[in-house]
Amino acid sequence: MRISRIRYLVFLFMLLVMKFSNAQNVTNSNSNINNVSGTEIIKSKSIGEIKLGMPIDDFLKLSLENKTIKKELINLEGDDYNIYNIYEHGQVIYAVEPDEEKVWRIWIYSGKLKTKKGIGIGNTLKDIRTHYQVKEFVVAEGQVAIIVENYEFSFLLESGEIPENWWSNQKIDTLSDNLKVGLIII
């Protein structure tokens with residue numbers, strides 16, 4: 001079952017609220033996830049052994065060194081939904097969102113996880129434009145998500161620095177290159 005665009009946007013907003021109120025960047029530690037020069041690698045459809053479409057039961061059987069998986073609930077518009085938050089040293093570093101019994105999306109909160117091109121939390125829109133072809137952007141609940149060509153992940157910008165007059169035009173080419181990535185969604 002495909003989740004509606006409205007639920008997606010509401011869910012996106014709620015996770016951003018969770019990210020900015022609860023999650024903090026953490027330092028790197030050893031794990032069994034792909035590790036290149038001390039940075040965990042975000043791929044188009046996976047992070048380490050966690051892959052989009054894999055059965056949730058298989059995900060739960062993974063041994064993620066120095067990490068704890070907690071099944072938690074998130075309430076959206078009066079309905080509770082499951083989310084699997086992955087903690088390291090007490091901080092959420094990423095989350096797995098199920099769709100029925102499979103991994104549907106992965107939400108990246110930690111700056112220690114980067115794409116193969118080196119983009120992660122804290123990088124700028126300029127970095128994204130330099131390393132990826134921007135396909136489109138989506139605006140929801142006061143947030144801007146940058147969707148790139150040939151990859152199944154998007155970058156959500158920290159939009160607190162976007163001038164108020166931008167919201168009436170909403171043109172990607174007028175966004176400041178200095179806006180930072182606050183969340184990545186696979």
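The values are calculated or read from the model by the stated rules, or taken from the named source; none is laboratory data. Since the model is a prediction, treat every value here as computed from it, not as a measurement. A quick note on method: Cβ atoms are made from the backbone with ideal geometry, for glycine too, and the neighbour counts reach across all protein chains shown.
Here are the numbers:
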read-out	value
Count of the range 68-104 residues which are more than 16 Å from I41 (Cα to Cα) and touching an Asp or Glu at 6+ places or on another chain (Cβ under 9 Å)	11
Lone qualifier among I69, I74 - being farther than 24 Å from I119 by Cβ, of a type in the set (A, V, I, L, M), at pLDDT below 85 and not in a loop (DSSP other than H, G, I, E, B)	I74
Residues of the range 154-186 that turn out to be surrounded by fewer than 11 Cβ atoms within 10 Å (Cβ to Cβ), assigned to a loop (DSSP other than H, G, I, E, B) and among the polar types (S, T, N, Q), as a count	2
Cross-chain or 6+ apart pairs with Cβ under 8 Å, the range 127-153 first and assigned to a helix (DSSP H, G or I), then not aliphatic (A, V, I, L, M)	D127/G118; I128/F155; R129/D177; H131/T115; H131/K117; H131/G118
Subset tally (residues that are touching a Leu at 6+ places or on another chain (Cβ under 9 Å), at pLDDT 95 or above and charged (D, E, K, R)) for the range 118-163	1
Per-region count, the range 72-101, residues of a type in the set (D, E, K, R) and within 19 Å of G182 (Cα to Cα)	2
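Quick grid of which residues meet (1) in contact with a Pro (Cβ under 9 Å, 6 or more places away or on another chain); (2) buried (at least 17 other Cβ atoms within 10 Å of the Cβ):
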residue	(1), (2)
I86	no, yes
V92	no, yes
E101	yes, no
S110	no, yes
K116	no, no
I128	no, yes
